[in-house]
1. Would you point out the residue of segment 21-34, among those that are free of Cβ contacts under 8 Å to residues at least 40 places away in the same chain and under 21 Å from the mean Cα position of the chain (by Cα), that is surrounded by the most Cβ atoms within 10 Å (Cβ to Cβ)?
2. Working only within segment 140-164, note down all residues that are more than 18 Å from the chain's Cα centre (by Cα) and not aliphatic (A, V, I, L, M).
3. Tally up the residues in segment 142-176 that are of a type in the set (S, T, Y) and part of a helix (DSSP H, G or I), please.
4. Report the residue count in segment 54-83 for those that are surrounded by 19 or more Cβ atoms within 10 Å (Cβ to Cβ), in a strand (DSSP E or B) and either of a type in the set (V, I, T) or modelled with pLDDT of 90 or more (or both).
5. Could you please tell me which pairs satisfy a Cβ distance under 6 Å, a separation of 6+ or placement on different chains, a first residue in segment 53-71 that is farther than 28 Å from V112 by Cβ and assigned by TED's automatic domain parsing to the domain that holds S10, and a second residue that is part of a helix (DSSP H, G or I) and modelled with pLDDT of 90 or more?
6. Is it true that some residue in segment 105-126 is without any contact (Cβ under 8 Å) to a residue 12 or more places away in the chain, exposed (fewer than 15 other Cβ atoms within 10 Å of the Cβ) and in contact with a strand residue (DSSP E or B) (Cβ under 7 Å, 6 or more places away or on another chain)?
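The values are calculated or read from the model by the stated rules, or taken from the named source; none is laboratory data. Keep in mind that this is a model prediction, so the values were computed, not measured. All Cβ positions, glycine included, derive from the backbone under ideal geometry; neighbour counts span all protein chains shown.
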Amino acid sequence: MIVISPGDYSAAIEAQRLRQLLRRAALSPQAAARELEIDEVTMRGYCTGRPVPRCVALAIERLADVRSRKVYHITKAESAVDVLEYGFRDATGTYMSGSVHTGVWVSDKLLVHQSDIDLNEMACFQIKVSKEWLLRHERGEKGKAYREFLVPAVELNEFPRRRLPDKEWLSMPWGR
């Protein structure tokens with residue numbers, strides 16, 4: 001029988017959270033160590049369960065926030081539970097481009113008016129992604145007031161997502 005002490009459990013949870021933050025910031029432990037000017041071996045230790053000083057945890061949270069961007073995805077309300085539970089799924093189509101594309105469309109603005117989904121049947125998601133990762137997937141035309149991205153679902157699911165309450169997205173300037 002394996003016995004895990006409460007201290008080991010909290011260290012494992014903390015290490016998992018740290019790895020998620022680094023992934024969100026698109027930083028390896030080595031790159032984060034260089035950015036924060038700390039020893040790489042020490043950073044790897046934090047990622048594998050060594051206690052993380054509060055100041056380091058806060059610095060990594062700040063790095064993740066600075067290096068991230070919010071994007072939005074619109075879907076039918078009936079699909080929202082599946083997205084929350086299982087994540088996004090790739091779709092395939094021509095999307096008025098003449099060639100076939102596969103992925104999940106997201107944009108830096110909530111494009112409610114461009115969706116063919118009725119407002120009463122709509123669910124809107126906000127995803128916080130790494131800027132560097134996002135730029136590799138840009139697909140929109142230049143000169144528009146917004147930017148669009150076609151991203152692989154398996155990669156998008158690595159980032160935190162939340163369903164926007166109807167009251168919140170309807171109160172946004174582009175949500176009316």
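1. A32
2. Residues satisfying the conditions are G140, E141, K142, G143, K144, Y146.
3. Residues meeting the conditions: 1.
4. 5
5. A59/L36
6. no
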